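Asks: Below you'll find the structure I mean.
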Amino acid sequence: MSSSIHSATQKEHGHSNGREVEWQLACTDLGSVRRWLADHVTIDGLVLEPRSTLQIFDTYLDTDDWRIHRAGFALRIRSESGKSEATLKSLRSASAEVADRRELSETLENSESESIRQSIGPVGTRVHAVSGAHALLPLFEVRTSRQRFAIRREDEAQQLGEIALDETVISHPHGEPQTSLQLVEVEALTEAHEPLQSLVKTLRSDCALEAASDTKYSQGLKSIGLAPGPAPEFASTAVDASMSIAEVALANLRRHLSDWHLHEPGARLGDDPDELHDLRVAARILVNPTEGHGDLELVALSEYALIHELVGDSGRPLGVDRRRENGFAFGKGFFREKRTRHVEFAHRPTAFFAQGPQVSDHLIHLL
């Protein structure tokens, strides 16, 4: 919700990396909520203090092939009070009861998308790693008037959370408004969630509020008529006894290429070693499809040669090669990056994807 300090988040040098925990409530009449707040300056030991109203302008972005979305995040640039900030926010919540999502932010020099690509902060490095050479394109714009109320205990100065009354308009990039919505958001700014849970329960009951079914990001996509592109459709991966060795080989290649496409964005993001592992497993087979399958050595398919070259070129920046560490050769000398621990990978995502085309771009028509 807010671009300030978040729960369990460390903010330093204009960067933050942590989790955002908030309750999002759909509302049809913010006036009734304002009246309720005016009548409840204190409630159950909590003080609700008005803060200044903010005017916020957000632009959500992604590549033409939805690489940010496929990595499980939404990307936005926010302009507020003369400052610009880029944020990556996970699409999935860790909890069904409250929106508990990973959030990374960093201050930008300006609100242009190119400033993200030039950044070396937690957002810029990840966006560059995921998007590669693909340009960032605006999806939609969101203008929000946010009336805020600080939440604290009566006997303490520390702010526990914030209530935001949002009046939002969603538009095409540089275009006409498409839809508007009203939201009440209650964000936790500390680990003390219980007082806020009780406040949210009372607020929902007294003001007839319901849990919001959509985030602003998902609502924006719907209102503009956008949807992430479907996964590439390969031919069948099914295998049966009637198939020739060549048909079995190609079916297996399609399966591993589908795995590559599934795990590539997450591996590029650089936060989950398991994604890199799963991508590497697929790459091993695609680079050397006969390895571990002696019978396939009898198959002479021109497709294998092409796959070997394309995937080898695309896989070169992947970095960690466990089989090289164990003394095994790896087809044509690919994956020559130095040995790197997973903990280093988690903090240096671009080290593994500095360049190289996305393999599925080249192979989608082949398989």
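The values are calculated or read from the model by the stated rules, or taken from the named source; none is laboratory data. Since we're looking at a predicted model, the values are computed, not measured. Quick reminder, even Gly has a Cβ in these numbers, built from the backbone with ideal geometry, and neighbours come from all protein chains shown.
Asks: In region 143-174, what count of residues is obtained for those that are surrounded by fewer than 20 Cβ atoms within 10 Å (Cβ to Cβ) and touching a Phe, Trp or Tyr at 6+ places or on another chain (Cβ under 9 Å)?
Replies: 4
Asks: Quick test for you: out of Ala211, Ala235, pick the one residue that is over 16 Å from the mean Cα position of the chain (by Cα) and farther than 30 Å from Gly175 by Cα. Quick ask: steps written out before the conclusion?
Replies: Details: Ala211 fails: farther than 30 Å from Gly175 by Cα.
Being over 16 Å from the mean Cα position of the chain (by Cα) and farther than 30 Å from Gly175 by Cα holds for just one of Ala211, Ala235, which is Ala235.
Asks: Give the residue, chosen from Ser205, Ser180, that is assigned by TED's automatic domain parsing to the domain that holds Pro138 and without any contact (Cβ under 8 Å) to a residue 12 or more places away in the chain. Can you show your working first?
Replies: Details: Ser180 fails: without any contact (Cβ under 8 Å) to a residue 12 or more places away in the chain.
None of the others qualify; the one that does is Ser205.
Asks: When you scan region 128-169, how many residues do you find that are under 24 Å from Arg19 (Cβ atoms) and charged (D, E, K, R)?
Replies: 7
Asks: Here's something else I'd like to know. Tell me yes or no: at least one residue of region 173-181 is assigned to a strand (DSSP E or B) and in contact with a helix residue (DSSP H, G or I) (Cβ under 6 Å, 6 or more places away or on another chain).
Replies: Our first condition is that a residue be assigned to a strand (DSSP E or B); within region 173-181, this holds for 177-181.
From what is left, the residues that are in contact with a helix residue (DSSP H, G or I) (Cβ under 6 Å, 6 or more places away or on another chain) are 178-179.
Yes; the residues of region 173-181 include at least one that is assigned to a strand (DSSP E or B) and in contact with a helix residue (DSSP H, G or I) (Cβ under 6 Å, 6 or more places away or on another chain).
Asks: Taking Leu25, is it in a strand (DSSP E or B) and either crowded, with 17+ Cβ neighbours inside 10 Å or free of Cβ contacts under 8 Å to residues at least 12 places away in the same chain (or both)? It would help to see each step written out before you state the result.
Replies: Details: in a strand (DSSP E or B): yes; either crowded, with 17+ Cβ neighbours inside 10 Å or free of Cβ contacts under 8 Å to residues at least 12 places away in the same chain (or both): yes.
Here the answer is yes, as Leu25 does meet what is asked.
Asks: Using beta carbons and a limit of 6 Å, which pairs, at least six apart or on different chains, have the first residue in region 81-102 and in contact (Cβ under 8 Å) with a residue 40 or more places away in the chain and surrounded by fewer than 13 Cβ atoms within 10 Å (Cβ to Cβ) and the second one not polar (S, T, N, Q) and not in a loop (DSSP other than H, G, I, E, B)?
Replies: Ala94/Asp100
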